[in-house]
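Encoded as structure tokens, the structure appears first; notes follow it.
The values are calculated or read from the model by the stated rules, or taken from the named source; none is laboratory data. Predicted, not measured: the structure shown is a model, and the values here were computed from it. As a convention, Cβ positions derive from the backbone with ideal geometry for all residues, glycine included, and neighbour counts pool all protein chains shown.
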Amino acid sequence: MTAPAHTDTVVKSTTCYECDANCLFDVTIDASGRAIKVEGLPNCPRGQLQLERQYHPDRLLYPLKRVGVKGSGEFERISWEEALDTITAALQKTKAQYGAPTVGFFAGYTKEARPQLQRLAHAFGSPNYLTESGCCFSATMVAEKLTYGYKLKTTSTVESPKTQCVLVWSTNATGSIPPFENHHLASRKKGRKMIVVDPRRTETAELADIHLQIRPGTDGALALGFHHLIFANGWQDQAFLDEWANGLDAFRDYIQEFPPARVAAICGISEADLRAAVEMFATTSPAQIAMSPTSTVQHSNGFQNHRAMILLSAVTGNIDREGGNRFFNDKVLPKPIELFDVCKNELPPRIGDEVFPIWTKYWPAAQSMLMPDCILEGKPQPLKALLAMGINTAMWANSKRMERALGELEFFAVSDFFHNPATLQADIVLPAATSLERTALIAYPGCAYQGEVKYRHQALPPRGEAKPDGQIFLELGVKLGMAEQFWHGNLAASWEEMGEGLPPDIRKEAWENPAGVTVYSPVIEELVEMGFLDADRQWRINGFRTATGKIEFDSVELKAHGYDGLPTYREPAESPLSTPELLADYPLVLTSGGRQKFFTHSQQHNIPAMLAHDPYPRVQIHPDDAAARGIAEGDAVEIRSRRGAVTFRAAVTDMMKPGVVHCFHGWNEANINELTDDTQLDPISGFPPFKSLLCQVTRIQENV
């Protein structure tokens, strides 16, 4: 695990947590115990520069108590004993006065301590454990499980050599998927055709045979237009559909409403390009759809849009086929310690059960996007107190409202590395240990059949008085009188209990080998034993784990809850077509959140070496739209929506579709989500429409 570099230093192998990939790297530590070098993370600036955050002068190192008004930033240092006693007393008071469900427990970044926090929530008696997955990832998973009975693997770092055509829909590997420019989607491949769907002409779109530069939020119409042409030309795998499709006749009737001319007009693309793209995708087999786990569902109709998209794999016979879209299977997993069974069987409904019952059925948490309503209006449930780790108001649409909500809580405690707009509203702020300073049991899901299990040992002592988030939650469990349930505050013991779910040989190697151990889904052996030596199309033995045992074109579950069973298309709640009365004041379509390899959401924006690559919050605008507003490259501009206004710098570029602007997210001082709409959440998932709304951009006149 450790090796001497020279007499004054030691080298330790550990895993990175600047994203979820948990890559192995080496850190060199000098004689004083200070990390001085990181090696083994090529082409990943976040990993290479993580020591800049480790030793950042603004990092939180001691527990703090607010002494000024909320939002003032006036805190004083206190002891851990006082901090934990204050939190314990406040949680117990809230429980006694209003009931345990009025206390929320929120997990943002980091995700590694989620098991301990969720356990604390449910042991305390609250069903309201909430996470950042209320607007990230979960909606695609729920849509896929409801439709197929499985999650799909949509953007793998492992390339299938059999893929003959890839339909890249809403993702750009160069900025979002390690190893970034070295990802297999970031280069042309001999014999592999590529279609890209994206409102921006990204690096990936530059490689495409066909680029469909759609208006943001019209993905569902485009997908239904694909289906229309596939069936009209007889390109569907009819034999497969005859055996495995539920509701296909109703679906075929519905897609008649989406002929090419109409779809091209809705999406703002060429009808000829649409026809060519559909023919390329449908007649080049096997074909794969590569999608972001998030961007397609961050619209007011994102859930159904995503269903329409993923059904293309079924219609063309590419579902769970090598070279197509494989099912994402469970591998060897640690023992669950979250007490979610207690939540389901013994506790009251979670926030969101009342309005998003499909999402909460499939996702083991409350819907965090409803938190502002719960705090400010008491609906669908009241929230009076909150314990959070890694929370930032920038994650919520209409972020200023969430900031105001945090200020209205009767008690709020949070752990983090740095202050942000959320921590400034807190009563108690706790210093969190970094991934170099904490242990963790990591079960990385990997690809369709293969994953990794690793145990990260602590590489560095925590700076100041920082503590691992998981340690904080265990100590609170002890303070709340549940020492036995919380391993008497022993974090290592909690990981060891989770490790009991692993086979002994895997557990041993995971703890002893920094690289971890590769684990596989048992379905591979099952396929081979049944004579399917190609080890794909597992529906041949297991069918589809849906309500009907088939692919849900017309979902029984959705209809039972009053939703459309078909993947119906709805215009974005705010768009040139749905709200034309707004165009006089807000004539541009605003999308946001394109990924950059330098930042993880709001993280790393305080690292000077990162800011050297991208120093300002930028809005990308087409030259024609800029010229009409007298905007030049680098100008300060105001972006305004019905929710407010923020200031960005103009990046004038023809990579943008005319009439559409794109803002990079994660800047606390220029938070684009102050402009997004929190009143038009997706009716099935509760996700906000981060990526499709209306705005105006104007040049800010410089004082002379």
Answer with yes or no whether Leu64 is under 29 Å from the mean Cα position of the chain (by Cα) and surrounded by 15 or more Cβ atoms within 10 Å (Cβ to Cβ).
no
Yes/no for Ile351 being assigned by TED's automatic domain parsing to the domain that holds Ala422, in a loop (DSSP other than H, G, I, E, B), among the β-branched types (Val, Ile, Thr) and touching a strand residue (DSSP E or B) at 6+ places or on another chain (Cβ under 7 Å):
yes
Among residues belonging to region 106-144 that are part of a strand (DSSP E or B) and of a type outside the set (Phe, Trp, Tyr), point out the one that is farthest from Pro364 (Cα to Cα).
Ala107
Residue within region 14-23 that is out of contact with any strand residue (DSSP E or B) (no Cβ under 8 Å at 6 or more places or on another chain) and surrounded by fewer than 19 Cβ atoms within 10 Å (Cβ to Cβ) present:
no
Near pairs, Cβ below 8 angstrom, 6+ apart or cross-chain, from region 608-622 (touching a residue at least 12 places away in the same chain (Cβ under 8 Å)) to any residue that is acidic (Asp, Glu) and surrounded by 14 or more Cβ atoms within 10 Å (Cβ to Cβ):
Pro608/Glu52; Ala609/Glu52; Met610/Glu52
Quick one: is Gly33 on the phi > 0 side of the Ramachandran plot and either buried (at least 19 other Cβ atoms within 10 Å of the Cβ) or not assigned by TED's automatic domain parsing to the domain that holds Lys597 (or both)?
yes
Hey, which of the strands (runs of 3 or more DSSP E) in region 612-704, taking only ones fully inside, have at least 3 residues that are under 30 Å from Gly562 (Cβ atoms)?
none
Of all residues making up region 262-321, the number that are part of a helix (DSSP H, G or I), buried (at least 24 other Cβ atoms within 10 Å of the Cβ) and among the small types (Gly, Ala, Ser)
7
Residue set Gly549, Gly562, Gly594; condition at pLDDT below 95 and small (Gly, Ala, Ser); output residue Gly594
Suppose we filter Thr94, Thr147 for residues that are surrounded by 21 or more Cβ atoms within 10 Å (Cβ to Cβ), outside the structural domain of Glu346 (by TED's automatic domain parsing), in contact with a strand residue (DSSP E or B) (Cβ under 8 Å, 6 or more places away or on another chain) and over 25 Å from His601 (Cβ atoms); which single one remains?
Thr147
Looking at (1) part of a loop (DSSP other than H, G, I, E, B); (2) over 30 Å from Cys695 (Cβ atoms); (3) modelled with pLDDT of 95 or more, which is the one condition that is false for Gly446?
(3)
Of the criteria (1) touching a residue at least 40 places away in the same chain (Cβ under 8 Å); (2) touching a strand residue (DSSP E or B) at 6+ places or on another chain (Cβ under 7 Å), which one Arg77 fails
(1)
Take the conditions out of contact with any helix residue (DSSP H, G or I) (no Cβ under 6 Å at 6 or more places or on another chain), touching a residue at least 12 places away in the same chain (Cβ under 8 Å), surrounded by fewer than 17 Cβ atoms within 10 Å (Cβ to Cβ) and within 28 Å of Phe105 (Cβ to Cβ) and apply them to Glu484. Does it pass?
no
Here is a list of conditions, (1) at pLDDT 95 or above; (2) in contact with a Ser or Thr (Cβ under 9 Å, 6 or more places away or on another chain); (3) surrounded by fewer than 23 Cβ atoms within 10 Å (Cβ to Cβ), and Phe137 meets all of them except one; can you say which number that is?
(1)
For region 494-547, what are the residues that are of a type in the set (Lys, Arg) and within 28 Å of the chain's Cα centre (by Cα)?
Arg537, Arg545
Could you please tell me which pairs satisfy a Cβ distance under 9 Å, a separation of 6+ or placement on different chains, a first residue in region 84-103 that is under 15 Å from Phe473 (Cα atoms), and a second residue that is surrounded by fewer than 16 Cβ atoms within 10 Å (Cβ to Cβ) and acidic (Asp, Glu)?
none
Assigned to a helix (DSSP H, G or I) and outside the structural domain of Val342 (by TED's automatic domain parsing) - does that describe any residue in region 36-46?
yes
Subset of region 114-155 that is within 17 Å of the chain's Cα centre (by Cα) and among the aliphatic types (A, V, I, L, M) - its residue that is nearest to Ser494 (Cα to Cα)
Leu130
Of the residues that make up region 346-353, is at least one at pLDDT 95 or above, under 30 Å from Met309 (Cβ atoms), in contact with a Lys or Arg (Cβ under 9 Å, 6 or more places away or on another chain) and of a type in the set (A, V, I, L, M)?
no
